[in-house]
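As structure tokens, the structure follows; a few thoughts come after it.
The values are calculated or read from the model by the stated rules, or taken from the named source; none is laboratory data. Everything numeric here is computed off the predicted structure, so don't read it as measured data. Neighbour counts run over all protein chains shown; Cβ positions are idealised from the backbone, glycine included.
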């Protein structure tokens, strides 16, 4: 899986637009400003996934990409457990950090993930003219590696490496650190690249 | 926690689709639907560990540790080369969870992985001494062939249990 510099730049720009829209929705929900990193592209061999994501406890809201390509990959709202508690505390008006996560937290996380991922995919659909719809969300609050590994095992392609586009979204005021991670399957990635290349040619 | 193996002991981290054979400490982290399978020969005090991701290789040969159907015969062959007899080998496994309920309902890979491993162990006449599988929980596994083949399973909440 090799991408040229131009292709990487184009995908980064796409990620930038998607993440900016997601960041805006997060900022509105928190009533506070949210900073965004430059989107990163990682090509990870599955045997080395542990170096990318380890045993740390995290909440992950995962969506399968549907729409123009039926099983197009996954998009994930990733947030460390500590940040997840801060996020739901902020939303629910609570302050206790040392508490188990309950159903209220879970529905809040699903809702936040849903809103952010929808904003991300709406923005990319508008840009590309290619629709990626999110499936209903699924939540795991457990070891990050275990959740990510399960999504990779569920890909329709039997892959040895995955491509992860990740953008970090940070709310300094509430010390909330999260990521949006796009893990497209090969056919989705090819489609996105073709569309981006056509756009660049026509401008 | 004290480390009976000592600070200088060798330790192998086994990633998805990888396997190792020997008497050193072996570790797999963050098993979701994957299976961490250990095979141990008490007479020769050697063992093998593999991190299986999928039940069937569908003919693929390049990463035998990734699939239940190719991993088990390969590990037995490697242990056999060290002088292990199948009748002295004891298996333990952990993992096979369904981390995401919504997706899990459609396609329970964790359960299929565990089922395939059980089936292959039975075919090869290997005793499955213990397993910690299923549920909606991530697991990390530490295997110590030099300490009677001890297998410890750790969960995200920090609890550790020997199986």
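Does region A:71-80 hold any residues that are closer than 18 Å to residue A:193 by Cα and part of a strand (DSSP E or B), and which are they?
Looking only at region A:71-80, we keep the residues that are closer than 18 Å to residue A:193 by Cα, and these are A:71-75.
A:73, A:74, A:75 - these are the residues of region A:71-80 that are closer than 18 Å to residue A:193 by Cα and part of a strand (DSSP E or B).
I'm checking my understanding of the structure. Among residues of region A:22-41 that are within 16 Å of residue A:181 (Cβ to Cβ) and assigned to a helix (DSSP H, G or I), which one is farthest from the other protein chains (Cβ to nearest Cβ)?
A:23
Which one is surrounded by the most Cβ atoms within 10 Å (Cβ to Cβ), of the residues in region A:145-157 that are closer than 18 Å to residue B:139 by Cβ and more than 7 Å from chain B (Cβ to nearest Cβ)?
A:148
For region A:158-198, how many residues are surrounded by 15 or more Cβ atoms within 10 Å (Cβ to Cβ) and without any contact (Cβ under 8 Å) to a residue 12 or more places away in the chain?
Residues meeting the conditions: 1.
Okay, residues lined up against (1) closer than 30 Å to residue A:77 by Cα; (2) away from every other protein chain (no Cβ under 13 Å):
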site	(1), (2)
B:60	no, no
B:66	yes, no
B:73	no, yes
B:78	no, yes
B:85	no, yes
B:88	no, yes
B:95	yes, no
B:100	yes, no
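Does region A:94-105 include one or more residues that are out of contact with any helix residue (DSSP H, G or I) (no Cβ under 8 Å at 6 or more places or on another chain), within 14 Å of chain B (Cβ to nearest Cβ), at pLDDT 90 or above and part of a helix (DSSP H, G or I)?
Looking through region A:94-105, at least one residue is out of contact with any helix residue (DSSP H, G or I) (no Cβ under 8 Å at 6 or more places or on another chain), within 14 Å of chain B (Cβ to nearest Cβ), at pLDDT 90 or above and part of a helix (DSSP H, G or I).
Within region B:29-52, which residues are within 14 Å of chain A (Cβ to nearest Cβ), touching a helix residue (DSSP H, G or I) at 6+ places or on another chain (Cβ under 9 Å) and not in a loop (DSSP other than H, G, I, E, B)?
B:29, B:30, B:31, B:35, B:49, B:50, B:51, B:52
Please tell me if residue A:142 is at the interface with another protein chain (Cβ under 8 Å from one of its Cβ atoms), farther than 25 Å from residue A:34 by Cβ, surrounded by fewer than 24 Cβ atoms within 10 Å (Cβ to Cβ) and more than 15 Å from the chain's Cα centre (by Cα).
No, not satisfied.
Against the definition (away from every other protein chain (no Cβ under 12 Å), touching a residue at least 60 places away in the same chain (Cβ under 8 Å) and surrounded by 14 or more Cβ atoms within 10 Å (Cβ to Cβ)), how does residue B:116 come out, yes or no?
Here the answer is yes, as residue B:116 does meet what is asked.
Anything in region A:42-56 that is assigned to a strand (DSSP E or B) and surrounded by fewer than 18 Cβ atoms within 10 Å (Cβ to Cβ)? List them, or say none.
A:42, A:43, A:45
Could you count how many residues in region B:122-163 are within 14 Å of chain A (Cβ to nearest Cβ), touching a helix residue (DSSP H, G or I) at 6+ places or on another chain (Cβ under 8 Å) and not in a loop (DSSP other than H, G, I, E, B)?
The total comes to 2.
Have a look at A:121, A:133, A:109, A:128 and point out the one that is in contact (Cβ under 8 Å) with a residue 40 or more places away in the chain, more than 14 Å from chain B (Cβ to nearest Cβ), crowded, with 21+ Cβ neighbours inside 10 Å and touching a helix residue (DSSP H, G or I) at 6+ places or on another chain (Cβ under 9 Å). Please lay out each step first, then the result.
Working: A:133 fails: crowded, with 21+ Cβ neighbours inside 10 Å; A:109 fails: more than 14 Å from chain B (Cβ to nearest Cβ); A:128 fails: crowded, with 21+ Cβ neighbours inside 10 Å.
Only one candidate passes the filter, namely A:121.
Looking at region A:57-70, which of its residues are away from chain B (no Cβ under 14 Å) and in a strand (DSSP E or B)?
A:67
Among the numbered criteria (1) away from chain B (no Cβ under 14 Å); (2) more than 14 Å from the chain's Cα centre (by Cα), which single criterion is violated by residue A:19?
Failing condition for residue A:19: (2).
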